[in-house]
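S.K.: Could you have a look at this structure, given as structure tokens, before my questions?
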Amino acid sequence: YYGELRPSEQPSSTRGRSSTSFISAEPSSKSCSERRSGKSGTHLPNRMKSQYQVVGGIVSPVSDGYGKQGLVLAKHRIAMAKLALQSSNWVTVDEWESQQPDWTETEYEQSTGMNDDFCGNTTPLSSPCPQLKLLCGADFLDTFKIPGLWRDDHVEEVVGRFGLVCVSRGGLQPERAVHESDTLSRRRHNIFLVREWVKNETSATEVRRALRRNLSVKYLIPDSVIEYIHQHNLYTDDSERRNKGTVLRPLAKQVQPVKSLDG
């Protein structure tokens, strides 16, 4: 999930320095109640609400080449995401990453392109160009600690240049994840931790498990998505075996070929 944010018009000394979800925001010339986009920022921490205002979001499904067990085909994930977002007037689906034949390490390059596209539409007299930030859950922060999953320079790029907006969930401690990572701790000024006071422990993993067990997921996901899942027979025991035994592509790319003794 990636989002675009525009910095608020405050003195530079009070601005935060300038990810799959992105969010976007612009200077707050009106109160949150007066702006459509402001409503989405009411859960943001105070220091972020004073600097940014969310104006849009982008959902970027991963490529089929990622290799995760049970990952359904990108064409289905794209279709379900679009169905789920039919009622949203500020969140869109970006298909670029999902259309790549292999998983790519260049998500941050894509976000760089998005940033350039957004800033290319501004003029010196217009509002500041939007800024992209990676929107994630607290469990995502723990993935930075998995050896080989992230390249150090990519972590620096994502967190340092763009930044993170992390929504916490019950039982997880994003503050600890930030503290235990040298990179995240060094860039903590560009990490915004959002406390979700309305507890919702529903996860995509639990929804998929319920579907495999033929349990009802009504009211957990849109009816249109449920209908699509049943129509295409997704999230079954058979689909769960897809990519079984396959090493995640990011980890596989870290494995160096062993030189032959004959060579």
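S.K.: Give me the net charge of ALA177's neighbourhood, meaning all other residues with Cβ under 10 Å from the Cβ of ALA177; Lys, Arg count +1, Asp, Glu -1.
M.R.: Numbers: positive: LYS145, ARG176; negative: ASP139, ASP142, GLU175, GLU180.
The answer is -2.
S.K.: Would you please give the FRET efficiency between VAL194 and ASP238, computed as 1/(1 + (r/R0)^6) with r the Cβ-Cβ distance and R0 = 22 Å, to the nearest 0.05?
M.R.: On the way: r = 37 Å, r/R0 = 1.70.
Once rounded, the FRET efficiency stands at 0.05.
S.K.: If you don't mind, another one. Quick check: from the Cα gyration tensor, does the stretch 196-241 come out rounded (a/c under 1.5), prolate or oblate? Walk me through the numbers on the way to the answer.
M.R.: Values: a/c = 2.69, a/b = 1.59, b/c = 1.69.
The shape class here is oblate.
S.K.: A further question on this structure: With a cut-off of 8 Å between alpha carbons and a minimum separation of six or more residues, what is the relative contact order of the stretch 125-241 in percent?
M.R.: Working: 106 pairs, mean separation 24.8, N = 117.
Value for the stretch 125-241: 21 percent.
S.K.: Between SER185 and LEU85, what is the label-to-label distance in nm when each label sits 7 Å out along the Cα-to-Cβ direction?
M.R.: Going from the SER185 label point to the LEU85 one covers 3.6 nm.
S.K.: Further, regarding this structure: Taking neighbour Cβ counts within 10 Å as the exposure measure, how do CYS166, CYS136 sort from fewest upward?
M.R.: Details: CYS166 23, CYS136 18.
Exposure proxy ranking, most exposed first: CYS136, CYS166.
S.K.: Sorted from fewest to most neighbouring beta carbons within 10 Å, what does the list LEU132, LEU220, LEU234 look like? Could the numbers behind the result be given before it?
M.R.: Details: LEU132 27, LEU220 15, LEU234 18.
Taking fewest neighbouring Cβ atoms as first place, the list is LEU220, LEU234, LEU132.
S.K.: Within 15 Å, Cβ to Cβ, of GLU206, how many net charges do the neighbouring residues add up to if Lys/Arg are +1 and Asp/Glu are -1?
M.R.: Value of the local net charge: +4.
Each value in this text was obtained by applying a stated rule to the coordinates, not by laboratory testing. As the structure is a prediction and not an experimental result, all values here were calculated from the model. Please note: Cβ atoms are built from the backbone with ideal geometry, for glycine as well, and neighbour counts cover all protein chains shown.
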